[in-house]
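The structure appears below as C-alpha coordinates.
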Amino acid sequence: MEGFDISRLVSGNEMEEDRIINLSLRPNLLDEFIGQEQLKENLRVGICAARQRGEPIEHILLSGPPGLGKTTLAHIIANEMGSHMVATSGPALERPGDLIGILTNLEEGDILFIDEIHRMPRVVEEFLYPAIESFKIDFVIDKGPYAKTIKFNLKPFTLIGATTRSGLLSGPMRSRFGFFYHLEFYSPEDLVEIISRSARLLDVEITTEGAMTIARRSRGTPRIANRLLRRARDYAQVKGNGVIDGDVAGRALERLGIDEYGLDDLDRRFLAVIRDVYNGGPVGIESIAATLNEEVDTLVDVVEPFLLKLGILRRTPRGRQISEFFDKFYVR
Ligand code: ADP
(Lines give C-alpha, C1' and ligand atoms only; values in the text may rest on other atoms or scores of the structure.)
Protein backbone atom coordinates (compact mmCIF):
# COMPACT_ATOMS: atom_id res chain seq x y z
CA MET A 1 0.00 0.00 0.00
CA GLU A 2 3.01 2.28 -0.05
CA GLY A 3 3.43 4.91 -2.72
CA PHE A 4 0.05 6.58 -2.62
CA ASP A 5 -2.20 8.27 -0.16
CA ILE A 6 -5.10 5.99 0.59
CA SER A 7 -7.14 8.74 2.18
CA ARG A 8 -7.36 10.44 -1.23
CA LEU A 9 -7.97 7.39 -3.37
CA VAL A 10 -11.67 8.03 -3.70
CA SER A 11 -11.40 11.78 -4.00
CA GLY A 12 -12.53 13.09 -7.37
CA ASN A 13 -9.56 15.47 -7.43
CA GLU A 14 -6.84 14.81 -9.97
CA MET A 15 -3.67 13.09 -8.75
CA GLU A 16 -0.34 13.07 -10.59
CA GLU A 17 -0.73 9.50 -11.91
CA ASP A 18 -4.23 10.40 -13.20
CA ARG A 19 -2.84 13.20 -15.30
CA ILE A 20 -0.67 10.92 -17.40
CA ILE A 21 -3.17 8.06 -17.80
CA ASN A 22 -6.19 10.34 -18.28
CA LEU A 23 -4.86 11.65 -21.55
CA SER A 24 -5.04 8.18 -23.05
CA LEU A 25 -8.46 7.38 -21.53
CA ARG A 26 -10.11 10.68 -22.32
CA PRO A 27 -12.90 10.45 -24.89
CA ASN A 28 -12.34 12.79 -27.85
CA LEU A 29 -15.80 12.92 -29.39
CA LEU A 30 -19.30 13.42 -28.01
CA ASP A 31 -20.29 9.91 -29.12
CA GLU A 32 -17.47 8.42 -27.02
CA PHE A 33 -18.57 10.35 -23.93
CA ILE A 34 -20.64 7.93 -21.86
CA GLY A 35 -23.77 8.94 -19.88
CA GLN A 36 -25.11 12.48 -19.19
CA GLU A 37 -27.60 11.89 -22.02
CA GLN A 38 -29.66 15.05 -21.58
CA LEU A 39 -26.58 17.24 -21.47
CA LYS A 40 -25.11 15.58 -24.56
CA GLU A 41 -28.34 16.03 -26.49
CA ASN A 42 -28.49 19.75 -25.68
CA LEU A 43 -24.84 20.15 -26.51
CA ARG A 44 -25.25 18.37 -29.83
CA VAL A 45 -27.96 20.83 -30.85
CA GLY A 46 -25.87 23.81 -29.71
CA ILE A 47 -22.78 22.60 -31.60
CA CYS A 48 -24.75 21.79 -34.75
CA ALA A 49 -26.52 25.18 -34.79
CA ALA A 50 -23.26 27.09 -34.25
CA ARG A 51 -21.54 25.12 -37.02
CA GLN A 52 -24.40 25.76 -39.44
CA ARG A 53 -24.17 29.49 -38.75
CA GLY A 54 -20.39 29.36 -38.99
CA GLU A 55 -20.11 31.07 -35.60
CA PRO A 56 -18.37 30.12 -32.37
CA ILE A 57 -20.69 28.41 -29.90
CA GLU A 58 -21.99 30.62 -27.06
CA HIS A 59 -20.11 30.74 -23.76
CA ILE A 60 -20.71 27.64 -21.66
CA LEU A 61 -20.64 27.04 -17.90
CA LEU A 62 -20.08 23.45 -16.74
CA SER A 63 -20.69 22.69 -13.10
CA GLY A 64 -20.45 19.56 -10.95
CA PRO A 65 -18.16 17.74 -8.51
CA PRO A 66 -14.54 16.99 -9.52
CA GLY A 67 -13.85 14.09 -11.87
CA LEU A 68 -17.22 13.99 -13.67
CA GLY A 69 -15.87 15.09 -17.07
CA LYS A 70 -15.97 18.90 -17.28
CA THR A 71 -12.47 19.24 -18.76
CA THR A 72 -13.13 16.27 -21.03
CA LEU A 73 -16.29 17.91 -22.34
CA ALA A 74 -14.46 21.17 -23.03
CA HIS A 75 -11.92 19.22 -25.14
CA ILE A 76 -14.73 17.43 -26.92
CA ILE A 77 -16.51 20.70 -27.73
CA ALA A 78 -13.27 22.07 -29.20
CA ASN A 79 -12.82 18.89 -31.28
CA GLU A 80 -16.40 18.90 -32.49
CA MET A 81 -16.16 22.57 -33.44
CA GLY A 82 -12.83 21.91 -35.18
CA SER A 83 -11.08 24.51 -33.03
CA HIS A 84 -8.21 24.77 -30.59
CA MET A 85 -8.52 24.94 -26.84
CA VAL A 86 -6.40 26.97 -24.45
CA ALA A 87 -6.71 25.91 -20.82
CA THR A 88 -6.04 27.86 -17.65
CA SER A 89 -7.60 28.06 -14.20
CA GLY A 90 -9.12 30.69 -11.91
CA PRO A 91 -6.36 30.59 -9.27
CA ALA A 92 -3.62 30.81 -11.97
CA LEU A 93 -5.01 34.13 -13.19
CA GLU A 94 -3.80 36.50 -10.50
CA ARG A 95 -3.87 39.75 -12.46
CA PRO A 96 -5.64 41.00 -15.61
CA GLY A 97 -2.19 41.00 -17.23
CA ASP A 98 -2.15 37.20 -17.00
CA LEU A 99 -5.05 37.11 -19.45
CA ILE A 100 -3.87 39.64 -22.03
CA GLY A 101 -1.46 37.29 -23.82
CA ILE A 102 -3.93 34.42 -23.76
CA LEU A 103 -6.83 36.49 -25.13
CA THR A 104 -4.89 38.29 -27.84
CA ASN A 105 -3.50 35.00 -29.13
CA LEU A 106 -6.90 33.33 -29.54
CA GLU A 107 -7.93 32.59 -33.12
CA GLU A 108 -11.50 32.87 -34.31
CA GLY A 109 -13.64 30.09 -32.82
CA ASP A 110 -10.99 28.99 -30.29
CA ILE A 111 -12.08 27.76 -26.87
CA LEU A 112 -10.76 29.40 -23.72
CA PHE A 113 -11.23 26.92 -20.87
CA ILE A 114 -11.06 28.31 -17.33
CA ASP A 115 -11.19 25.60 -14.68
CA GLU A 116 -12.28 26.55 -11.15
CA ILE A 117 -13.65 29.77 -12.57
CA HIS A 118 -15.27 30.61 -9.21
CA ARG A 119 -11.77 31.15 -7.81
CA MET A 120 -10.82 33.83 -10.34
CA PRO A 121 -10.01 37.15 -8.60
CA ARG A 122 -12.64 39.87 -9.00
CA VAL A 123 -10.28 42.22 -10.93
CA VAL A 124 -9.60 39.51 -13.50
CA GLU A 125 -13.29 38.75 -13.75
CA GLU A 126 -14.08 42.39 -14.49
CA PHE A 127 -11.34 42.54 -17.08
CA LEU A 128 -12.87 39.51 -18.76
CA TYR A 129 -16.41 40.95 -19.09
CA PRO A 130 -15.89 43.12 -22.21
CA ALA A 131 -13.76 40.34 -23.72
CA ILE A 132 -16.57 37.80 -23.55
CA GLU A 133 -19.37 40.27 -24.21
CA SER A 134 -18.08 42.16 -27.20
CA PHE A 135 -14.64 40.61 -27.85
CA LYS A 136 -12.81 43.78 -26.84
CA ILE A 137 -10.36 44.54 -24.09
CA ASP A 138 -9.03 47.80 -22.70
CA PHE A 139 -5.73 47.82 -20.96
CA VAL A 140 -3.72 50.60 -19.42
CA ILE A 141 -0.02 50.95 -20.07
CA ASP A 142 2.32 53.20 -18.13
CA LYS A 143 1.40 55.02 -14.97
CA GLY A 144 0.51 58.56 -13.84
CA PRO A 145 0.30 61.31 -16.48
CA TYR A 146 1.68 59.02 -19.22
CA ALA A 147 -0.90 56.32 -18.68
CA LYS A 148 -2.62 55.34 -21.88
CA THR A 149 -5.60 53.09 -22.45
CA ILE A 150 -5.16 50.74 -25.36
CA LYS A 151 -8.22 49.18 -26.91
CA PHE A 152 -7.79 45.84 -28.54
CA ASN A 153 -10.24 43.90 -30.66
CA LEU A 154 -10.25 40.16 -30.10
CA LYS A 155 -11.35 37.43 -32.47
CA PRO A 156 -14.70 35.88 -31.52
CA PHE A 157 -14.05 32.93 -29.20
CA THR A 158 -15.93 30.74 -26.74
CA LEU A 159 -15.33 30.77 -23.01
CA ILE A 160 -15.97 27.48 -21.25
CA GLY A 161 -15.93 27.87 -17.47
CA ALA A 162 -15.85 24.88 -15.13
CA THR A 163 -16.81 25.07 -11.50
CA THR A 164 -17.40 22.69 -8.63
CA ARG A 165 -19.52 25.39 -6.99
CA SER A 166 -21.68 27.39 -9.32
CA GLY A 167 -23.20 29.04 -6.22
CA LEU A 168 -19.94 30.90 -5.62
CA LEU A 169 -19.91 32.46 -9.08
CA SER A 170 -20.87 36.14 -9.12
CA GLY A 171 -24.22 37.10 -10.69
CA PRO A 172 -22.64 39.26 -13.43
CA MET A 173 -20.24 36.44 -14.40
CA ARG A 174 -23.01 33.87 -14.48
CA SER A 175 -25.26 36.03 -16.66
CA ARG A 176 -22.64 36.14 -19.40
CA PHE A 177 -22.92 32.44 -20.19
CA GLY A 178 -25.35 31.29 -22.88
CA PHE A 179 -25.44 27.65 -21.76
CA PHE A 180 -25.36 26.14 -18.28
CA TYR A 181 -24.84 22.43 -17.89
CA HIS A 182 -24.73 20.59 -14.60
CA LEU A 183 -23.01 17.21 -14.56
CA GLU A 184 -24.68 14.58 -12.41
CA PHE A 185 -23.05 11.60 -10.71
CA TYR A 186 -22.99 8.60 -13.08
CA SER A 187 -25.13 5.49 -12.63
CA PRO A 188 -23.31 2.19 -11.94
CA GLU A 189 -24.38 1.05 -15.45
CA ASP A 190 -22.71 4.07 -17.09
CA LEU A 191 -19.61 3.48 -14.97
CA VAL A 192 -19.48 -0.16 -16.08
CA GLU A 193 -19.36 1.09 -19.66
CA ILE A 194 -16.64 3.62 -18.82
CA ILE A 195 -14.59 0.98 -16.95
CA SER A 196 -14.95 -1.55 -19.79
CA ARG A 197 -13.85 1.06 -22.32
CA SER A 198 -10.85 2.05 -20.18
CA ALA A 199 -9.92 -1.63 -19.65
CA ARG A 200 -9.89 -2.12 -23.43
CA LEU A 201 -7.63 0.91 -23.87
CA LEU A 202 -5.32 -0.28 -21.07
CA ASP A 203 -5.36 -3.76 -22.57
CA VAL A 204 -6.51 -5.51 -19.41
CA GLU A 205 -9.14 -8.22 -19.22
CA ILE A 206 -12.14 -7.56 -16.96
CA THR A 207 -15.38 -9.48 -16.42
CA THR A 208 -18.80 -7.79 -16.20
CA GLU A 209 -18.88 -8.64 -12.52
CA GLY A 210 -15.41 -7.14 -12.04
CA ALA A 211 -16.50 -3.94 -13.76
CA MET A 212 -19.70 -3.80 -11.68
CA THR A 213 -17.76 -4.25 -8.43
CA ILE A 214 -15.52 -1.30 -9.29
CA ALA A 215 -18.45 0.77 -10.61
CA ARG A 216 -20.41 0.42 -7.36
CA ARG A 217 -17.48 1.71 -5.35
CA SER A 218 -16.56 4.65 -7.55
CA ARG A 219 -18.91 7.25 -6.03
CA GLY A 220 -20.55 7.89 -9.39
CA THR A 221 -17.28 9.43 -10.63
CA PRO A 222 -15.40 8.36 -13.81
CA ARG A 223 -12.04 9.63 -12.55
CA ILE A 224 -12.33 7.43 -9.46
CA ALA A 225 -13.54 4.48 -11.56
CA ASN A 226 -10.44 4.74 -13.77
CA ARG A 227 -8.21 5.02 -10.72
CA LEU A 228 -9.72 1.98 -8.99
CA LEU A 229 -9.46 0.05 -12.25
CA ARG A 230 -5.72 0.65 -12.27
CA ARG A 231 -5.42 -0.51 -8.65
CA ALA A 232 -7.42 -3.65 -9.43
CA ARG A 233 -5.21 -4.26 -12.47
CA ASP A 234 -2.09 -4.15 -10.24
CA TYR A 235 -3.71 -6.55 -7.80
CA ALA A 236 -4.84 -8.95 -10.53
CA GLN A 237 -1.34 -8.94 -12.01
CA VAL A 238 0.47 -9.59 -8.73
CA LYS A 239 -2.02 -11.78 -6.83
CA GLY A 240 -4.07 -13.36 -9.62
CA ASN A 241 -3.81 -14.36 -13.25
CA GLY A 242 -4.16 -10.84 -14.64
CA VAL A 243 -7.93 -11.01 -15.16
CA ILE A 244 -10.08 -8.66 -13.06
CA ASP A 245 -13.14 -10.65 -12.01
CA GLY A 246 -15.59 -9.77 -9.23
CA ASP A 247 -13.56 -11.53 -6.58
CA VAL A 248 -10.23 -9.92 -7.50
CA ALA A 249 -11.84 -6.46 -7.78
CA GLY A 250 -13.58 -6.89 -4.41
CA ARG A 251 -10.42 -8.00 -2.64
CA ALA A 252 -8.30 -5.28 -4.25
CA LEU A 253 -10.68 -2.53 -3.17
CA GLU A 254 -11.19 -3.91 0.30
CA ARG A 255 -7.47 -3.75 0.85
CA LEU A 256 -7.65 -0.06 -0.02
CA GLY A 257 -10.20 0.58 2.73
CA ILE A 258 -13.03 1.35 0.33
CA ASP A 259 -16.33 -0.14 1.43
CA GLU A 260 -19.12 -1.50 -0.74
CA TYR A 261 -20.68 1.95 -1.18
CA GLY A 262 -17.42 3.64 -2.13
CA LEU A 263 -17.04 5.31 1.26
CA ASP A 264 -13.48 5.70 2.45
CA ASP A 265 -11.78 6.60 5.66
CA LEU A 266 -12.35 10.36 5.37
CA ASP A 267 -16.09 9.83 4.73
CA ARG A 268 -16.33 7.62 7.78
CA ARG A 269 -14.44 10.08 9.96
CA PHE A 270 -16.63 12.92 8.66
CA LEU A 271 -19.80 11.01 9.55
CA ALA A 272 -18.42 9.82 12.89
CA VAL A 273 -17.62 13.41 13.91
CA ILE A 274 -21.20 14.55 13.27
CA ARG A 275 -22.62 11.55 15.07
CA ASP A 276 -20.28 11.29 18.03
CA VAL A 277 -18.99 14.81 18.62
CA TYR A 278 -22.06 16.80 17.57
CA ASN A 279 -24.85 14.37 18.46
CA GLY A 280 -25.88 13.80 14.86
CA GLY A 281 -26.01 17.53 14.03
CA PRO A 282 -27.00 20.00 12.83
CA VAL A 283 -23.48 21.38 12.94
CA GLY A 284 -21.68 24.00 10.82
CA ILE A 285 -19.19 22.77 8.22
CA GLU A 286 -16.43 24.94 9.75
CA SER A 287 -16.76 23.08 13.06
CA ILE A 288 -16.57 19.71 11.31
CA ALA A 289 -13.51 20.85 9.34
CA ALA A 290 -11.80 22.10 12.50
CA THR A 291 -12.46 18.85 14.36
CA LEU A 292 -11.17 16.77 11.44
CA ASN A 293 -8.27 19.13 10.74
CA GLU A 294 -9.31 19.26 7.06
CA GLU A 295 -10.00 22.13 4.65
CA VAL A 296 -13.63 23.23 4.36
CA ASP A 297 -13.23 23.23 0.54
CA THR A 298 -12.15 19.57 0.52
CA LEU A 299 -15.15 18.57 2.58
CA VAL A 300 -17.61 20.61 0.50
CA ASP A 301 -16.19 19.65 -2.94
CA VAL A 302 -15.05 16.09 -2.43
CA VAL A 303 -16.73 14.49 0.59
CA GLU A 304 -20.20 15.99 0.88
CA PRO A 305 -21.68 15.77 -2.64
CA PHE A 306 -21.69 11.98 -2.67
CA LEU A 307 -22.92 11.64 0.92
CA LEU A 308 -25.78 14.00 0.04
CA LYS A 309 -26.55 11.93 -3.02
CA LEU A 310 -26.62 8.72 -0.98
CA GLY A 311 -29.06 10.46 1.36
CA ILE A 312 -26.88 9.71 4.37
CA LEU A 313 -26.24 13.42 5.00
CA ARG A 314 -28.60 16.42 5.00
CA ARG A 315 -27.84 20.07 4.56
CA THR A 316 -30.16 22.20 6.70
CA PRO A 317 -30.19 25.96 7.30
CA ARG A 318 -28.64 25.22 10.70
CA GLY A 319 -25.87 23.00 9.41
CA ARG A 320 -25.08 19.40 8.47
CA GLN A 321 -27.07 16.55 9.88
CA ILE A 322 -26.87 12.79 9.47
CA SER A 323 -30.08 11.22 8.16
CA GLU A 324 -32.17 8.26 9.27
CA PHE A 325 -30.38 6.19 6.55
CA PHE A 326 -27.12 6.52 8.41
CA ASP A 327 -27.13 2.97 9.77
CA LYS A 328 -27.77 1.50 6.33
CA PHE A 329 -24.53 2.87 4.91
CA TYR A 330 -22.26 3.33 7.86
CA VAL A 331 -20.70 -0.04 8.41
CA ARG A 332 -18.40 -0.06 11.40
P1 ADP B 1 -13.38 17.25 -14.27
O2 ADP B 1 -12.82 18.26 -15.24
O3 ADP B 1 -14.86 17.34 -14.13
O4 ADP B 1 -12.68 17.22 -12.94
P5 ADP B 1 -12.28 15.31 -16.18
O6 ADP B 1 -12.86 15.83 -17.44
O7 ADP B 1 -10.83 15.61 -15.95
O8 ADP B 1 -13.15 15.78 -14.91
O9 ADP B 1 -12.55 13.73 -16.16
C10 ADP B 1 -11.74 12.83 -15.43
C11 ADP B 1 -11.44 11.59 -16.23
O12 ADP B 1 -12.61 10.77 -16.24
C13 ADP B 1 -11.12 11.87 -17.71
O14 ADP B 1 -9.76 11.83 -17.97
C15 ADP B 1 -11.79 10.75 -18.48
O16 ADP B 1 -10.87 9.72 -18.71
C17 ADP B 1 -12.83 10.22 -17.53
N18 ADP B 1 -14.20 10.58 -17.93
C19 ADP B 1 -14.96 11.60 -17.45
N20 ADP B 1 -16.18 11.59 -17.96
C21 ADP B 1 -16.24 10.52 -18.80
C22 ADP B 1 -17.29 9.97 -19.62
N23 ADP B 1 -18.51 10.49 -19.64
N24 ADP B 1 -16.98 8.89 -20.38
C25 ADP B 1 -15.75 8.35 -20.32
N26 ADP B 1 -14.74 8.80 -19.54
C27 ADP B 1 -14.97 9.88 -18.79
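The values are calculated or read from the model by the stated rules, or taken from the named source; none is laboratory data. Since we're looking at a predicted model, the values are computed, not measured. Positions of Cβ are generated from backbone atoms using ideal geometry, with glycine treated the same way; all protein chains shown enter the neighbour counts. To get the accessible areas, we keep the full protein, side chains included, count just its heavy atoms, and leave off ligands, DNA and RNA. Shrake-Rupley method; radii C 1.70, N 1.55, O 1.52, S 1.80 Å.
So the values come out like this:
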| item | result |
| --- | --- |
| Estimated inter-spin distance, D276 and H84, nm [label 7 Å along Cα→Cβ] | 5.6 |
| Given the chain, longest segment not containing exposed loop GluC sites (Glu not before Pro) (DSSP; at most 16 other Cβ within 10 Å) | 109-183 |
| Three-way shape call for segment 24-96 based on the alpha-carbon gyration tensor, with the a/c threshold at 1.5 | oblate |
| Cα→Cβ-extended label distance, 7 Å offset, between R95 and D297, nm | 2.2 |
| Where the chain is the region considered: accessible area per residue in Å², 1.4 Å probe | 49 |
| Kirkwood Rh in Å, taken over the chain so that all alpha-carbon pairs contribute | 21.7 |
| With every protein chain in place, segment 139-226: carbon and sulfur % of accessible area (1.4 Å) | 53 |
| Net charge over other residues, Cβ less than 11 angstrom from the Cβ of L169 (K, R count +1; D, E count -1) | +2 |
| Spatial extent of segment 182-246: Rg and Dmax, with the Cα atoms as the point set, Å | 11.1, 41 |
| Stokes-Einstein translational diffusion, segment 100-237 - Kirkwood Rh over all Cα pairs, 1.306 mPa s, 10 °C, in µm²/s | 86 |
| Rg and Dmax of segment 217-332, Cα atoms only, in Å | 16.0, 53 |
| Rg to Rh quotient for segment 36-182, alpha carbon positions, Kirkwood Rh | 0.98 |
| Sequence-distant lysines (8 or more away, or on other chains) whose Cα lies within less than 17 Å of K309 | K328 |
| The chain: calculated mean residue ellipticity at 222 nm from DSSP helix runs of at least 4, using -39500 (n - 2.57) | -12500 deg cm²/dmol |
